[in-house]
1. Below 8 Å, C-alpha to C-alpha, sequence gap of six or more: please give me the relative contact order for the chain in percent.
2. Roughly how compact is the stretch 166-220, stated as its Cα Rg over 2.2 N^0.38 Å to two decimals?
3. Going 7 Å from the Cα of N195 along its beta-carbon direction, which residues of the stretch 287-310 have the amide nitrogen within less than 19 Å of the resulting point?
4. Residue by residue, what Karplus-based ³J(HN,Hα) values in Hz, rounded to whole numbers, does the stretch 37-47 have, using 6.51, -1.76 and 1.60 with θ = phi - 60° and x for Gly and Pro?
5. Which far-off residues, 5 or more places away or on another chain, put their amide H under 5 Å from the one on I188, with H placed in the peptide plane?
6. Per the Kirkwood treatment, what hydrodynamic radius in Å, one decimal, follows for the stretch 283-383 from the mean inverse distance over all distinct Cα pairs?
7. How big is the chain by the Kirkwood estimate over distinct Cα pairs, in Å?
8. Where in the stretch 301-320 does the amide nitrogen come within less than 19 Å of the point 7 Å from the Cα of Y204, taken along Cα to Cβ?
Amino acid sequence: PRRSIIMKFNFQFSNLCGTVYRQGNILFTPDGNSVLSPVGNRVSVLDLVNHKSRTLPFENRRNISRLCLSPDGSTLISVDENGGALLVNFHKAVVLCQFQFKAKVLDLQFSPDMKFIAVTSEQHIQIWKAPPLVSQFRPFHLIRTFTGHYDDVLCLTWSPDSKFLISGSRDMACRLYSAEPIKGYLPITLTGHRNHIVGAFFRYGLKPGMDESLYTVAKDGALFTWKFVPIDQDEKGRRFGVGRSFKKRDQIEAISDDAHWIAKCNVVMVKKHYFQQNHAKVVCAALHHSNKISELLVVGFDTGVFGLFEMPEFNMIHTLSISQKRITSVAINNTGEWLAFGAEKLGQLLVWEWQSETYILKQQGHFFDMNSIAYSPDGQLIA
């Protein structure tokens with residue numbers, strides 16, 4: 001008798017192999033044990049503790065250029081090169097909504113209280129209401145749009161209390177915005193850099209009287225530290241415009257008495273530091289709040305070298321060359337022990353434990369096209 005042949009057509013996507021990083025930013029999950037890496041138009045999740053990897057079952061229309069994960073790790077937003085976004089329930093890996101931004105997104109960030117999402121839109125900044133984890137017809141609601149920059153906005157960072165937002169632009173300036181409208185408050189402009197801004201960060205536990213409150217990093221390797229000074233104590237700033245971010249007394253008096261204390265302060269430049277890397281350009285930067293006293297700052301250069309510094313003293317902990325091409329993305333896990341790096345040109349993804357100076361993960365995809373693959377006899381391995 002003739003044997004019947006049964007063919008299976010219910011194939012399901014399982015995993016994406018051959019490469020670990022393509023472009024865009026790298027993220028750690030809130031527990032610090034896994035890395036999210038954009039691979040083409042998909043997202044791969046690498047579990048560094050259990051040594052496993054999986055690729056989420058959804059895909060964008062174009063290659064992903066930006067990822068954003070909520071502070072509790074429940075909501076993931078992936079944005080492609082044309083501004084097409086997917087809202088994903090990260091734990092269930094289910095797409096809740098598709099959305100189209102009107103411009104290319106260079107950065108987007110959840111606020112720490114998870115109420116808002118800040119999105120770059122060319123030289124503007126849009127504040128959206130954070131969507132819920134349920135399927136809705138219109139989960140994205142635009143609240144307000146900030147203006148003031150003269151070129152593309154490159155980076156965004158929320159204050160720890162989600163009240164203020166600092167932006168860095170290609171016009172070599174940073175601006176400090178209030179997330180909620182404050183009567184009489186005008187955004188503060190921080191100038192002085194001579195190249196476009198790579199990163200702008202708030203210090204942990206921001207409060208009045210801190211010697212250093214803000215850090216700004218430029219492409220030319222300049223790191224400026226800033227502090228908030230009450231208008232009554234800022235005689236030098238009012239006279240000479242230190243940091244070029246001072247406000248007049250009548251502007252301060254127009255602000256309501258119950259406004260946030262930052263709204264009643266000037267921002268004054270305190271120190272200038274420079275990364276001495278033989279004229280190498282800074283490509284990416286990340287700040288980790290290790291404790292209430294100090295922070296860890298990681299910067300990636302276009303020479304494939306990264307530097308780790310202790311702030312605010314600007315003490316260099318260590319530098320290392322990890323790639324032959326520029327480092328395009330850097331991230332720090334929640335404990336500050338692991339540093340993740342991505343090199344777009346070579347498709348490299350590395351995770352480095354800086355205290356023991358060992359690699360947790362070191363992988364690189366194919367530089368050119370693949371021509372053939374083969375299974376092992378037991379079907380467990382593929383080459």
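The values are calculated or read from the model by the stated rules, or taken from the named source; none is laboratory data. In this text, all values refer to a predicted model and were calculated from it rather than measured experimentally. Positions of Cβ are backbone-derived with ideal geometry, glycine not excepted, and every protein chain shown enters the neighbour counts. Heads up: the accessible areas ignore ligands, DNA and RNA and are worked out on the full protein's heavy atoms, side chains in. Shrake-Rupley method; radii C 1.70, N 1.55, O 1.52, S 1.80 Å.
1. Once normalised by length, the contact order is 11 percent.
2. Normalised Rg, Cα atoms only: 1.21.
3. Only 287, 297-309 fall inside the zone, counting backbone N under 19 Å.
4. Residue by residue, the stretch 37-47 yields 10, x, 10, x, 9, 10, 10, 9, 10, 10, 7 Hz.
5. L176
6. Roughly 15.1 Å, rounded to one decimal.
7. 22.3 Å
8. Only 308-318 pass the distance filter.
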